[in-house]
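In what follows, a structure is listed as structure tokens, so that the remarks can point back to it.
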Amino acid sequence: VQLVESGGGLVQPGGSLRLSCAASGITFSAYTASWYRQAPGKERESVAAITYIGGTTTYTDSVKGRFTISRDNAKNTVYLQMNNLKLEDTAVYYCKAFRATIGTYWGQGTQVTVSS
């Protein structure tokens, strides 16, 4: 099983990025998919999630209205569209696939740096 994140980079405040998480070895649509982030010196935190039943989405308060999580089952990929990025969004972003009866898988992370 492999989750591969991409799309990170350097962006100015107010800019946008779209992160992708491509899965292999699993059918991603059968898992709840989440994006987490970890800033230097801070704990890893959940940013957004999308369930495998119903596609219900949830977001941490600090990104509501700015980030959107979505999935393309045909591509076995989950996305995180990030708009109006702020300095405090700088972190390594990780993708997670979770299914209670099966297990948890993590990607290797992608760096997002918001800087002027």
For this session: Output the residue which, of all residues in the stretch 50-66 that are among the charged types (D, E, K, R) and open to solvent by 30 Å² or more (accessible area, probe 1.4 Å), is nearest to Val11 (Cα to Cα).
Result: Lys64
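If you take the residues of the stretch 67-93 that are small (Gly, Ala, Ser) and either touching a residue at least 24 places away in the same chain (Cβ under 8 Å) or over 16 Å from Ala48 (Cβ atoms) (or both), which of them is surrounded by the fewest Cβ atoms within 10 Å (Cβ to Cβ)? If you could, list the steps in order and put the result at the bottom.
Taking the stretch 67-93 as the starting set, the residues that turn out to be small (Gly, Ala, Ser) are 70, 74, 91.
Then keep just the ones that are either touching a residue at least 24 places away in the same chain (Cβ under 8 Å) or over 16 Å from Ala48 (Cβ atoms) (or both); that gives 74, 91.
Values: Ala74: 7, Ala91: 22.
Looking at residues that are small (Gly, Ala, Ser) and either touching a residue at least 24 places away in the same chain (Cβ under 8 Å) or over 16 Å from Ala48 (Cβ atoms) (or both), I get Ala74.
Scan the stretch 1-49 residue by residue and report those that are among the hydrophobic types (A, V, I, L, M, F, W, C) and either open to solvent by 70 Å² or more (accessible area, probe 1.4 Å) or farther than 13 Å from Gly109 by Cβ (or both).
Within the stretch 1-49, Val1, Leu10, Val11, Leu17, Ala22, Ala23, Ile26, Phe28, Ala30, Ala33, Ala48, Ala49 meet the criteria.
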For this session: Kindly provide the set of residues from the stretch 20-43 that are part of a strand (DSSP E or B), of a type in the set (Ser, Thr, Tyr) and closer than 18 Å to Thr58 by Cα, ordered by number.
Result: Ser20, Thr32, Ser34, Tyr36
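Working only within the stretch 98-115, note down all residues that are more than 18 Å from Gly7 (Cα to Cα) and either touching a Leu at 6+ places or on another chain (Cβ under 6 Å) or modelled with pLDDT of 95 or more (or both).
Going through the stretch 98-115, the residues more than 18 Å from Gly7 (Cα to Cα) turn out to be 98-105.
Hits for the stretch 98-115 are Phe98, Thr104, Tyr105.
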For this session: Would you check which residues across the stretch 100-109 are more than 16 Å from Ser46 (Cβ to Cβ) and open to solvent by less than 80 Å² (accessible area, probe 1.4 Å) and list them?
Result: Gly103
Problem set entry | Where Lys64 falls short, out of the listed (1) farther than 20 Å from Leu3 by Cα; (2) at pLDDT below 95 | (2)
For this session: Mind listing whichever residues of the stretch 20-41 are touching a residue at least 12 places away in the same chain (Cβ under 8 Å) and either charged (D, E, K, R) or on the phi > 0 side of the Ramachandran plot (or both)?
Result: Gly25, Arg37
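The values are calculated or read from the model by the stated rules, or taken from the named source; none is laboratory data. This structure is a prediction, so every number in the text was calculated from the model and none was measured. Because the Cβ atoms are built from the backbone with ideal geometry, glycine has one as well, and the counts that use them run over all protein chains shown. The area values use the complete protein model at the heavy-atom level, side chains included, leaving out ligands, DNA and RNA. Shrake-Rupley method; radii C 1.70, N 1.55, O 1.52, S 1.80 Å.
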